[in-house]
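The values are calculated or read from the model by the stated rules, or taken from the named source; none is laboratory data. The structure displayed is predicted, hence computed values, not measured ones. Here the Cβ positions follow ideal geometry from the backbone for every residue, glycine too, while neighbour counts run over all protein chains shown.
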Amino acid sequence: MTGDDENGSSGLCVSGLRHSFGSRRVLADVELHIEPGEIVCLLGPSGCGKTTTLRLIAGLETLQAGRISWNGAVLADATGAVPPEQRGVSLLFQDFALFPHLTVAQNVAFGLVDMAKSERDGRIHEVLEQVGMLDYADTYPHRLSGGEQQRVALARARAPRPRIILLDEPFSNLDTQRRNQLRDLCLHVLKRSQSASLVVTHNAEEAMFMADRLAVMRDGAIVQSGSPEEIYFRPSSIFVAGLFGELNEIPGRVGQGRVETPLGPVEAGHIADDTDVTVLIRPEAVAVIAPDDGAAVGRVLAARLLGRTSLLHLSVSGDGSPDLHLHARVAERHLPPEGSVVGLRLDRQNVFVFPAEEDRA
Ligand SMILES: Nc1ncnc2c1ncn2[C@@H]1O[C@H](COP(=O)(O)OP(=O)(O)OP(=O)(O)O)[C@@H](O)[C@H]1O
Ligand SMILES: [Mg+2]
């Protein structure tokens with residue numbers, strides 16, 4: 001192994017990570033940095049390399065190229081590696097991997113072998129209390145629900161005060177209600193710790209809920225990282241914008257720095273004139289207003305209450321171009337009659353313009 005990082009940065013640093021299984025390259029170039037006490041969510045579609053990245057950080061997979069370090073000291077690089085058990089890493093997977101023959105307290109004690117008994121008992125008490133499972137200390141895992149098992153798994157992962165905690169889709173085997181409860185609990189438990197936390201998910205809303213910062217992964221590389229606000233409001237590609245749900249797409253062409261759309265002109269940013277573009281409009285960016293103040297208009301094809309929002313299907317006429325079918329998502333109950341005409345205004349912070357040929361698969 002080579003020595004410490006020259007830059008001496010704090011927390012977990014992953015740089016230039018590449019990995020292949022046989023001839024198949026699955027990680028092309030992964031860069032991550034997580035400060036102690038910070039939660040970073042790794043967000044990306046199935047098969048993009050999230051679990052492989054976690055396994056490399058944990059030392060469960062042999063590093064092929066790149067470097068992983070903690071506070072500047074190398075954990076693994078091309079010349080060698082610190083063994084997994086000496087990295088100060090805890091892992092939490094989706095499949096509640098508790099030991100079935102051990103009680104809840106014994107499961108939590110598993111990673112605390114080096115502690116004196118009184119200290120260990122105190123720590124078990126503390127972490128089980130944090131996750132609301134103290135009353136179950138002597139219970140065996142098979143008597144617990146999935147959500148309860150995952151709380152214990154979280155307590156077990158936290159107990160040794162790991163430097164790094166890696167969570168791989170920790171909520172994906174739970175129903176919606178338990179999932180929401182557990183991710184709330186998990187957020188508070190992780191925020192109270194000084195661990196660098198990396199949470200894998202392919203659910204953008206979950207990532208926004210958990211993350212101090214997001215790292216978006218695609219085809220084995222981090223394509224954008226930043227605060228949830230940066231990624232949501234300044235997506236770097238059609239792919240990233242599309243992670244946050246349905247989008248209206250309008251084709252257009254840049255002229256004098258703007259793109260004309262049936263909902264009015266949109267600034268093209270740095271894209272050159274005469275470039276074919278795709279204008280992306282989040283459904284919540286289409287504000288529905290009274291039809292009579294000079295705004296664009298749309299005809300209501302259907303209006304559906306979705307609970308906290310209503311979704312309007314609209315037909316919007318352009319200048320000589322075919323009618324557009326747009327979706328508008330408005331707050332609460334707003335259900336104009338089918339066939340009625342409504343005014344439309346764009347909230348530009350939820351409108352994005354990208355070159356049309358950009359790869360979006
Ligand atoms: N041990 C292995 N041998 C061969 N190929 C593997 C191995 N582990 C993973 N892969 C392949 O590497 C790619 C990345 O897998 P990985 O498990 O990292 O994806 P992921 O982003 O975690 O996906 P998911 O969201 O479905 O869990 C996949 O195509 C997978 O089939
Ligand atoms: Mg995975």
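Key figures
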item: Out of LEU63, LEU112, LEU42, LEU128, sole residue that is part of a loop (DSSP other than H, G, I, E, B), in contact with a helix residue (DSSP H, G or I) (Cβ under 6 Å, 6 or more places away or on another chain), surrounded by 18 or more Cβ atoms within 10 Å (Cβ to Cβ) and modelled with pLDDT of 95 or more; result: LEU63
item: Tally, over region 259-299, of residues that are at positive phi and either in a strand (DSSP E or B) or surrounded by 20 or more Cβ atoms within 10 Å (Cβ to Cβ) (or both); result: 1
item: Within region 214-227, tally of residues that are crowded, with 19+ Cβ neighbours inside 10 Å and more than 16 Å from ligand 2 (Cβ to nearest atom); result: 3
item: Answer from GLY44, GLY16 - the residue that is closer than 29 Å to ILE231 by Cα and within 16 Å of ligand 2 (Cβ to nearest atom); result: GLY44
item: Long-range neighbours under 9 Å by Cβ, at least six apart or interchain, first residue within 16 Å of ligand 2 (Cβ to nearest atom) within region 54-75, second among the polar types (S, T, N, Q); result: LEU56/THR62; LEU56/GLN64; ALA58/SER90; GLU61/THR52
item: Residue match in region 99-106 (condition: more than 16 Å from ligand 1 (Cβ to nearest atom), loosely packed, with under 14 Cβ neighbours inside 10 Å and either modelled with pLDDT of 95 or more or not hydrophobic (A, V, I, L, M, F, W, C) (or both)); result: yes
item: Matching residues, region 304-322, being under 29 Å from VAL240 (Cβ atoms) and at pLDDT below 90; result: GLY318, SER321, PRO322
item: Filter result for the condition that a residue is in the same structural domain as LEU17 (by TED's automatic domain parsing) and either of a type in the set (Phe, Trp, Tyr) or out of contact with any strand residue (DSSP E or B) (no Cβ under 9 Å at 6 or more places or on another chain) (or both), over VAL199, VAL223, VAL216, VAL189; result: VAL189
item: Residue among ILE57, ILE68 that is in the same structural domain as THR139 (by TED's automatic domain parsing), modelled with pLDDT of 95 or more, within 30 Å of PHE21 (Cα to Cα) and in contact with a helix residue (DSSP H, G or I) (Cβ under 7 Å, 6 or more places away or on another chain); result: ILE68
item: Restricting region 19-39 to residues that are over 23 Å from the mean Cα position of the chain (by Cα) and free of Cβ contacts under 8 Å to residues at least 40 places away in the same chain, the residue that is surrounded by the most Cβ atoms within 10 Å (Cβ to Cβ); result: PHE21
item: The listed residue being under 16 Å from GLN130 (Cα atoms) and either within 16 Å of ligand 1 (Cβ to nearest atom) or out of contact with any strand residue (DSSP E or B) (no Cβ under 7 Å at 6 or more places or on another chain) (or both), out of LEU154, LEU166, LEU182; result: LEU182
item: Qualifying residue in region 52-69 (condition: in contact with a strand residue (DSSP E or B) (Cβ under 6 Å, 6 or more places away or on another chain) and away from ligand 1 (no atom under 16 Å from the Cβ)); result: yes
item: Complete set of residues in region 164-186 that are away from ligand 2 (no atom under 16 Å from the Cβ) and either in contact with a Leu (Cβ under 8 Å, 6 or more places away or on another chain) or modelled with pLDDT of 95 or more (or both); result: ILE164, ILE165, LEU174, LEU182, LEU185, CYS186
item: Some residue of region 86-97 being within 13 Å of ligand 2 (Cβ to nearest atom) and among the basic types (Lys, Arg); result: no
item: Enumeration of residues in region 21-39 that are in a loop (DSSP other than H, G, I, E, B) and either of a type in the set (Ser, Thr, Tyr) or within 12 Å of ligand 2 (Cβ to nearest atom) (or both); result: SER23
item: Test for ILE250: is it within 22 Å of PRO170 (Cα to Cα), among the hydrophobic types (A, V, I, L, M, F, W, C) and assigned to a strand (DSSP E or B); result: no
item: Subset of region 197-213 that is within 15 Å of THR53 (Cα to Cα) and modelled with pLDDT of 95 or more - its residue that is farthest from ligand 2 (Cβ to nearest atom); result: SER197
item: Residue within region 176-184 that is crowded, with 20+ Cβ neighbours inside 10 Å, in contact (Cβ under 8 Å) with a residue 40 or more places away in the chain and farther than 23 Å from CYS13 by Cα present; result: no
item: Test: GLY80 is surrounded by fewer than 18 Cβ atoms within 10 Å (Cβ to Cβ) and closer than 17 Å to ARG25 by Cβ; result: no
